[in-house]
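The values are calculated or read from the model by the stated rules, or taken from the named source; none is laboratory data. Nothing here was measured: the structure is a model prediction, and the numbers come from that model. All Cβ positions, even for glycine, are placed from backbone atoms using ideal geometry, and neighbour counts span all protein chains on display. To get the accessible areas, we keep the full protein, side chains included, count just its heavy atoms, and leave off ligands, DNA and RNA. Shrake-Rupley method; radii C 1.70, N 1.55, O 1.52, S 1.80 Å.
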Amino acid sequence: MQKEQIKVELSINGLKVVVGYEFLENISYNMPDIKENKKVLEILANSDDFEVRRSISRYDNLNKNTIDILLQDTDNDVVQNLLNNRDIAKFITQEQVENIFTQDNIYLLETLGRNVDDFQSCNVCKLIDKFIKHPNARARGSVLYHRSNLNLQQLELLTNDNDALIASEARKQLKDKKS
C-alpha cells in the first residue's frame, strides 16, 4: 500500500501560509465528520502520516474506498478504529474480514470478535464458527463478548474449550439461553 506525503496549502484572504505536518494532523483531527468531506477523507487515507490516518479512521462518514484503504493499513490502531465503529462495520465486506483473518493478528481478531454483531455485510454465523476453531484463546473467547450472537451448538462447542475461562463463560451463557 503506497502512502504519499500530502501537501497542504492554506490561504487566508488570498494570502498563502506555509504549514507543516502538524497542521495536517490537526486538520484531520478537527475536520467536521460530514458526508461533504468524504473525498478529502479519502485523500487523507493515503497520507504517509500515521496520525492523520488514525484520526480519520475514527470518522463515521467514510466512503467504501476509504474504508478499504484504511483496512489495509499497517497501523493496528487504524484498523482497530474501523472495526470498533458500528457505522463503518456495516460496510465491511466478508472478503475484507477474511483478509483480517489471513493476517492472523490476534489484536485485530479480538476486536473483530468482540464486535462481530456489527458486521451486517458478513455471514456472522460463519465468522463465529471461524473464531471458535481459532487456535488462539483470545480470538476464541472474543465472540463470547456479545451473548446474543452465539447459537446453542456454538456454545456447546465452547463449553469443551481448553481454556477454563472460555469453557466456564460458555457454560454460563448456554445455561442462560436454555432457561
accessible surface per residue for the stretch 1-143, probe 1.4 Å, DNA/RNA/ligands not counted, whole Å² -> 55
Among Val8, Pro135, Pro32, the residue whose Cα sits farthest towards the positive end of the charge dipole of the stretch 1-149, when +1 is placed on the Cβ of each Lys and Arg and -1 on the Cβ of each Asp and Glu, is Pro135
With +1 on the Cβ of every Lys and Arg and -1 on the Cβ of every Asp and Glu, the dipole magnitude of the stretch 60-101 about its Cα centre, in debye rounded to the nearest 20, is 180
Given the candidates Leu157, Val78, Tyr21, the one whose Cα lies deepest towards the positive end of the charge dipole of the chain, counting +1 at each Lys or Arg C-beta and -1 at each Asp or Glu C-beta, is Leu157
For the stretch 124-153, listing trypsin sites (Lys or Arg not before Pro) in a DSSP loop whose Cβ sees at most 15 other Cβ atoms within 10 Å gives none
Any GluC sites (Glu not before Pro) in the stretch 89-151 that lie in a DSSP loop and have at most 16 other Cβ atoms within 10 Å would be none
Answer in debye to the nearest 20: the dipole magnitude of the chain about its Cα centre, from +1 Lys/Arg and -1 Asp/Glu charges placed on Cβ, is 740
For the stretch 114-176, listing chymotrypsin sites (Phe, Trp or Tyr not before Pro) in a DSSP loop whose Cβ sees at most 13 other Cβ atoms within 10 Å gives none
On each of the three principal axes the extent of the alpha-carbon atoms of the stretch 81-179, given in whole Å and largest first, is 34, 26, 20
Per-residue accessible area, 1.4 Å probe, largest first, puts Lys3, Lys175 in the order Lys175, Lys3
Computed over the chain, the relative contact order (Cα-Cα under 8 Å, seq sep at least six) in percent reads 12
In the stretch 42-179, taking the dipole from +1 charges on Lys and Arg beta carbons and -1 charges on Asp and Glu beta carbons about the Cα centre, the listed residue (Asn99, Ala167, Ser121) farthest towards the positive end is Ala167
As straight-line cross-link partners of Lys90, the qualifying lysines (C-alpha separation under 27 Å, not fewer than 8 residues apart within one chain) are Lys3, Lys35, Lys38, Lys39, Lys64, Lys126, Lys130, Lys133, Lys177
The alpha-carbon center of the stretch 1-66 and that of the stretch 116-143 are separated, in whole Å, by 33
